[in-house]
Structure formats: structure tokens, C-alpha cells
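Enquirer: Dropping the structure in here first, questions after.
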Amino acid sequence: MGFSNPWGLLALLALPVILLFYILKQRHKPKDVPSLWLWQKVLQQNAGYCWKQKLKWKTLLVLQLLAALCLGLALANPLFLGAGEAAHQIVVVDTSFSMSAKTETGTRLEEAKEDAAQYIRTHRGAFTVVEWNSQATVLVQQSQDQSAAVAAVEQLTAGIDGSNVTNLDHLLSALTEDGAQAVIFSDYPFSASPAGAAVVAYGAEEENLAVLGVSRRDQYLLAKVAAYHLEEEKTVEVALFGDGIVLDTQQATFSPENSQADVVFTLEGELPSTVSVRVMSEDALPGDDVYAMALGAEAEKRVLLVGDGNWYLEKALGALDHISLYRQSKDQPISEGFDLTIFDGTLPQKLPTEGQIWICNPPEGTGTFFATGTFDPQTNGVMGEPLAEYMDQLSFYVQQAKQVALPEGGKTVLSGQDGPLIWLGETGVQKVCVFTFDLNNSDLPLQQEFPILVYQLMQYFFPGQAAQSGAILGGSTVELDLSPSTKEAVVIAPDGTERTLLLQQPVFSENKQSGIYLVEETYGDGSKANVAFAVNVQTEQESSLIQAEQMAGTAAIGLRSGVSLQQFLLAAVLLLLLGEWWVMRRGH
């Protein structure tokens, strides 16, 4: 047996209050009478008067106590739990972005949390609580403590990422065992329930406007705006903000037949460091009404090319923006302080301690990254990640490749017959790329994909440049680009909270706040620099607010288990009060 509302038991405090009323003697007011002869018997009975008297059980007292008891139990709503109930209850609560959509009573997530807590209170067994968004995270695992499971549900907040059904399906498949019951509280439009779980669906098709994305070309900004579930034509204002100040406003018109619009803004004069595009209209999901972007200039990357000269590399690197190329003979001492050092046909016994490393055609020698022999360079397979994009048609000739002493933990992205042709790895905080062949003895630089390959290598070495486009979405993980001389890096969120980055692995993962973030770097000489980047909500699928009830693969289940006694207790209260009235009328 359990209680749907345990707080209702506080009403049982009325029982001692009723008893106290019957224990306390009634105090009488003084009154003058002509004679005490008829009062002698009463005076004798009250001769030992005190403030209390012995409790006498009377019909009225019993009826009142029973009525108060039944009322308190009715407020707590006792339930007889089913004997065949699952021994393991898996409660999944969706905290993706769309769950923050407004409803008549609050938000979808607030309704889901209330229902999930109700489900836990009215069931028994071990409880596992899972938070589901772009990831599926176990908060409480097979705990018998109902209060801990309810507390885990009540602390959930909606994020800015989407729902990943694959991750949830894999987790439920691992958690589900014989006798386990999984229930998902979500607005996701399931076509089939993950791992056979029951689904409690939320939401309805509601009007919602969203800024899907913003792109920049020269002095122009293009914003894509969408309107969902419109019943009639609607015109709204779309505003451009720069560093928090309104720069321009445009109008966008939507209709049920034309639900998307492109809004073009022109940037004039000195560019702001950050911009945001906002739809000036209230709707069910305010979080997707704004899209932010950082416009700060990308930092120049200092690249040192060590060797006798490589015309192909110099041309490919020179064509890239924000790359400053320096050259140095292999006979000179290696200079420090560069963001990337390229060794072409040469290699020192000790690599630079700062910046990234790119080694082409390593010489023979002893130690890591030196050549130990040669092999037939016939390729085996296609280019792998993270250099695979646009490389599916790449085909080139290599005269000779070298077998190289490579450290463990790296990745071969292009294989030869007897060893790697292109290898990526890390040594401490440094990223390393190794081409085991000479570019001058290959037709790779003559292929149209070669400039793209060099560009993708720069993105591998300096991934943080992509953060300034505003393309970071809630739930994604991005490796930020830090200067080689950075000694400390702190990320400041839009709400002012700070998080220190690990310099060995400067990874940023954010799925709760959207807006402009600031990376504050402290260098070895004590100087500081700030770089802004934007994180935006996941609008794909989330902003459309599809009516989940119509598409759920499983019908919504009841939130209570067993039989409720509340209606029987309320009927008993009514009968007891009628009995009390009847007794008083008869004078007992």
C-alpha cells in the first residue's frame, strides 16, 4: 500500500485537537441566583474543580475522530499496489529544448516532472532515473529510496539540445532486464517506442517562430526564420542587435503555405564584436527566437616551415586566411613560439615544446617519428576522419614511403601497403601529423583536393576557429583553439558562471545555456586576451512542436498503480458527519 499525496497525512493532526477539546473542562461565568438549595448536588460534583477532566468516550467523540481520520487518509489518497508490479522501474524524463515550451499550467517539462514524481510515489521496487536529451544519463540507478528518485526528477531543467533516440535505445536495452518496466515522459514524436518502453506524451501543435540560423558574407547577414503551425498570414519584426544595441529591423511575412523567410541585414561602419537576430513576437517557445554570432576577427596563426623549401606547401598555406608563414633553414636552431611548426625532410632530436607539429618525409634516425626503412607506397583504402570530407575521389601516386617509429594511441587516416601514409596523433598537449612520403616525389600536390586537404589539416590543428560562426549547438562538444603560450583558460557563460579549461584537452561541452560565451586566456607573461563565441539552441525538430500524442508509438499509460481508496474514504466522511448530526438532534 502507498500514498499518492503523503502530505495529506498532516490532516491527522486534527485527532489530538479533538481529544483535547473533550479533556478540557468548560469554564462557567459567575451568575447571581436567589437560592443555592437546588444547586447543592451540582456544587458537590464540582467541588474538586480543575482545568481538565477524565476523558469520557461518547458517541459524538468517536464519530468526530473517525471523520477526521477518514478525511486525513482521503487527502493522502492511499493506494493498494498491484501484486504483479515490476520490481525495477526505469523512469526517463526528456529535458530537450522543446520540453521548455509553454503550456496552460507552466511548461511541458514541469508537467512531465510532476507526472514522473507521481509515478515514482505510486509504485514500488527499485528505481532508475534517466535524463534524456542529446545524451541519455543515469541519475539514480536501481535505488529503493523513493525520495532520492523523486529528488532527482525534481531538479531537472530543460536544455538547448535535441533528443537522440539512438542513445536512449542503447541505454534502455542495457538497463532493461526481466521484470523491469521503462516509462518515458517526453514530447518526442516516437514512431516506435525505444526498447518496448511505455510513453507518456506531452504537447500539442502550437504556433511558434524560430531563427534557424544566421550566416555572413562580407557586410551582409542572412537570417533564416521559420513559422510553424500558422492558421493565417502573419507579419513579424525581425531585429538585428550588435553588442546588445539595435542596429536594424526588417519585416518577415509568413503564411500556412509559406512557412520560411530569408531576412537580409547590411552591416555598416565598424563591425560589432557580437551580433544576434531576434524575432520580436511572443510564442510558445521563446528560446529559439534569437540566434547569436561572434564577429571577432580570427587570430593570426604563425606557421614555421623548416627545410630546404617546399613550393607546394608554401602555395597551399599562403592561400589560407589568417595564416602567417615563416621559413627557416634546417641548419638553423629551431625557433620556439610558433602555433605550428612544419618539418619537411628534416627532424630535430627534440621537438619544439610549444605549438603543433607537422612532419613530412621524416629522415632516417633513432627515436620517435624518425624513419626506419622504406616500403611500397601502394595505398590501402580511403582517407579516414577527420580528413575524409571531399576526399572520396582522391587518388594519387607516391614514389616511395617510409616506415616511421610512431607512438601508440595515434590514428592512421590513409594506409599504405606496409604502413601509414598519413598519421595523426598527439604528444602531450601537442597535435602531430606525419606524412611518411615526400610531397616533391608525389602527384598529390597536383590534385584538386590538395588545397582542401591542407585546409582540413589546419582545422585539425586549430579547431576553435569554427566556434566563431555560431554553429555550436546545444549538446555538441567542441575543442577550442588555445595559444601555445596559454597558461590558463577560463570560459565565461552568458549567466556569468566560469569554468576553467584543461590545457591538455581544451574541450567545451554546453547544453543548458544559449548566447555569447567568452574565452579568457592568460599567457605566460601575465597578459590576457579574450575571444567570444556563440552557442545556439538546437532548432531542428525541436522548434516545430509536433503534436506528440498523435505520433507516439505507445499509448500514454496511467500514472497510478493499484486501486485508489480516496472516493471510499470521502464517502465514509460524509456518512460519519450525517451520523454526528443525527446524534446531536436526538440529544445524545
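The values are calculated or read from the model by the stated rules, or taken from the named source; none is laboratory data. Everything quoted here is computed from the prediction, not taken from an experiment. Neighbour counts are summed over all protein chains in view; Cβ atoms, including those assigned to glycine, are modelled from backbone coordinates with ideal geometry.
Enquirer: I want to confirm something. Restricting to region 397-423 and keeping residues that are under 16 Å from T368 (Cα atoms) and among the small types (G, A, S), which single residue is surrounded by the most Cβ atoms within 10 Å (Cβ to Cβ)?
Expert: G419
Enquirer: Also, I was wondering about something else. From E237, E205, grab the single residue that is outside any strand (DSSP E or B), of a type in the set (D, E, K, R) and out of contact with any Phe, Trp or Tyr (no Cβ under 6 Å at 6 or more places or on another chain). Working first, answer last.
Expert: On the way: E237 fails: outside any strand (DSSP E or B).
Within the list E237, E205, the selection yields E205.
Enquirer: Is it true that V519 is touching a helix residue (DSSP H, G or I) at 6+ places or on another chain (Cβ under 9 Å) and outside the structural domain of G244 (by TED's automatic domain parsing)? Quick ask: steps written out before the conclusion?
Expert: Details: touching a helix residue (DSSP H, G or I) at 6+ places or on another chain (Cβ under 9 Å): yes; outside the structural domain of G244 (by TED's automatic domain parsing): yes.
In short, yes.
Enquirer: Exactly one condition in (1) at positive phi; (2) in contact with a strand residue (DSSP E or B) (Cβ under 8 Å, 6 or more places away or on another chain); (3) of a type outside the set (S, T, N, Q) is not met by G367; state its number.
Expert: (2)
Enquirer: Filter region 152-188 for residues that are among the hydroxyl-bearing types (S, T, Y) and assigned to a helix (DSSP H, G or I); which is surrounded by the fewest Cβ atoms within 10 Å (Cβ to Cβ)? Talk me through it step by step, then tell me what you get.
Expert: Restricting attention to region 152-188, the residues satisfying the condition of being among the hydroxyl-bearing types (S, T, Y) are 157, 163, 166, 173, 176, 186, 188.
Next, only the ones that are assigned to a helix (DSSP H, G or I) stay: 166, 173.
Numbers: T166: 9, S173: 11.
The selected residue is T166.
Enquirer: Taking region 255-264 only, how many residues are more than 31 Å from the chain's Cα centre (by Cα) and surrounded by 13 or more Cβ atoms within 10 Å (Cβ to Cβ)?
Expert: Number of matching residues: 1.
Enquirer: Looking at region 79-87, can you tell me whether even one residue there is in a strand (DSSP E or B), in contact with a strand residue (DSSP E or B) (Cβ under 7 Å, 6 or more places away or on another chain) and not aliphatic (A, V, I, L, M)?
Expert: Going through region 79-87, the residues in a strand (DSSP E or B) turn out to be 79-80.
Cutting the leftovers down to in contact with a strand residue (DSSP E or B) (Cβ under 7 Å, 6 or more places away or on another chain) gives us 79-80.
Those left that are additionally not aliphatic (A, V, I, L, M): 80.
So far as region 79-87 goes, yes, one or more of its residues are in a strand (DSSP E or B), in contact with a strand residue (DSSP E or B) (Cβ under 7 Å, 6 or more places away or on another chain) and not aliphatic (A, V, I, L, M).
Enquirer: Within the group L36, L79, L9, L73, which residue is at pLDDT below 70 and surrounded by 14 or more Cβ atoms within 10 Å (Cβ to Cβ)? Walk me through it before giving the result.
Expert: On the way: L36 fails: surrounded by 14 or more Cβ atoms within 10 Å (Cβ to Cβ); L9 fails: at pLDDT below 70; L73 fails: at pLDDT below 70.
Answer to the check: L79.
Enquirer: Please find, within region 110-151, the residue that is surrounded by the fewest Cβ atoms within 10 Å (Cβ to Cβ) out of those that are in a loop (DSSP other than H, G, I, E, B), of a type outside the set (D, E, K, R) and free of Cβ contacts under 8 Å to residues at least 60 places away in the same chain.
Expert: Of region 110-151, the ones in a loop (DSSP other than H, G, I, E, B) are 122-125, 133-135, 144-145.
Among the residues that remain, those that are also of a type outside the set (D, E, K, R) are: 122-123, 125, 133-135, 144.
Next, from what is left, pick out any that are free of Cβ contacts under 8 Å to residues at least 60 places away in the same chain: 125, 144.
On the way: G125: 16, Q144: 10.
The extreme case among them is Q144.
Enquirer: Counting just the residues of region 266-294 that are within 16 Å of N208 (Cβ to Cβ) and part of a loop (DSSP other than H, G, I, E, B), which one comes out nearest to the chain's Cα centre (by Cα)?
Expert: L285
Enquirer: If we keep just the residues of region 205-252 that are of a type in the set (F, W, Y) and within 18 Å of T274 (Cα to Cα), which is surrounded by the most Cβ atoms within 10 Å (Cβ to Cβ)? Don't jump to the end; show me each part of the working.
Expert: Let us first name the residues in region 205-252 that are of a type in the set (F, W, Y), namely 220, 228, 241.
With the extra rule that they be within 18 Å of T274 (Cα to Cα), the set shrinks to 220, 241.
On the way: Y220: 11, F241: 17.
In this case the residue turns out to be F241.
Enquirer: Among the listed residues V306, V275, which satisfies the condition of being of a type in the set (A, V, I, L, M, F, W, C), over 18 Å from G515 (Cβ atoms), in contact with a strand residue (DSSP E or B) (Cβ under 7 Å, 6 or more places away or on another chain) and touching a residue at least 40 places away in the same chain (Cβ under 8 Å)? Even if it seems obvious, please write down each step before you answer.
Expert: Numbers: V275 fails: over 18 Å from G515 (Cβ atoms).
Answer to the check: V306.
Enquirer: Would you mind listing the strands (runs of 3 or more DSSP E) fully within region 347-466 where at least 2 residues are farther than 26 Å from I323 by Cα?
Expert: Values: elements: 356-360, 371-375, 401-404, 411-416, 420-427, 430-435.
Those strands (runs of 3 or more DSSP E) span 371-375, 401-404, 411-416.
Enquirer: Something else about it: Whether any residue in region 90-113 is of a type in the set (D, E, K, R), closer than 19 Å to W7 by Cβ and out of contact with any Phe, Trp or Tyr (no Cβ under 6 Å at 6 or more places or on another chain) is what I want to check. Show your work before the answer.
Expert: Of the residues in region 90-113, the ones of a type in the set (D, E, K, R) are 94, 102, 104, 108, 110-111, 113.
The next check asks that each one be closer than 19 Å to W7 by Cβ; those that pass are 110, 113.
After this cut, where a residue has to be out of contact with any Phe, Trp or Tyr (no Cβ under 6 Å at 6 or more places or on another chain) as well, the list is 110, 113.
So far as region 90-113 goes, yes, one or more of its residues are of a type in the set (D, E, K, R), closer than 19 Å to W7 by Cβ and out of contact with any Phe, Trp or Tyr (no Cβ under 6 Å at 6 or more places or on another chain).
Enquirer: Determine whether F450 is out of contact with any Phe, Trp or Tyr (no Cβ under 8 Å at 6 or more places or on another chain) and surrounded by 17 or more Cβ atoms within 10 Å (Cβ to Cβ). Step through it out loud before you land on a result.
Expert: Details: out of contact with any Phe, Trp or Tyr (no Cβ under 8 Å at 6 or more places or on another chain): no; surrounded by 17 or more Cβ atoms within 10 Å (Cβ to Cβ): yes.
In short, no.
Enquirer: Report the residue count in region 306-339 for those that are among the basic types (K, R) and assigned to a loop (DSSP other than H, G, I, E, B).
Expert: 1
Enquirer: If I ask for residues that are of a type in the set (D, E, K, R) and in contact with a helix residue (DSSP H, G or I) (Cβ under 7 Å, 6 or more places away or on another chain), which ones from region 391-437 would you list? Full working, then the answer.
Expert: Just the residues of region 391-437 that are of a type in the set (D, E, K, R), to begin with: 392, 402, 408, 411, 418, 426, 431.
Once the filter is applied, which keeps residues that are of a type in the set (D, E, K, R) and in contact with a helix residue (DSSP H, G or I) (Cβ under 7 Å, 6 or more places away or on another chain), region 391-437 yields only K431.
Enquirer: Shifting gears a bit: May I ask you to list pairs of residues, at least six apart or on different chains, whose Cβ atoms are under 9 Å apart, with the first in region 358-379 being within 28 Å of Q456 (Cβ to Cβ) and not assigned by TED's automatic domain parsing to the domain that holds V398 and the second being outside any loop (DSSP other than H, G, I, E, B) and hydrophobic (A, V, I, L, M, F, W, C)?
Expert: Every condition considered, no pair remains.
Enquirer: Which of the residues that make up region 296-332 are out of contact with any Lys or Arg (no Cβ under 7 Å at 6 or more places or on another chain) and surrounded by 19 or more Cβ atoms within 10 Å (Cβ to Cβ)?
Expert: Matches in region 296-332: K301, V303, L304, N310, L313, A316, L317.
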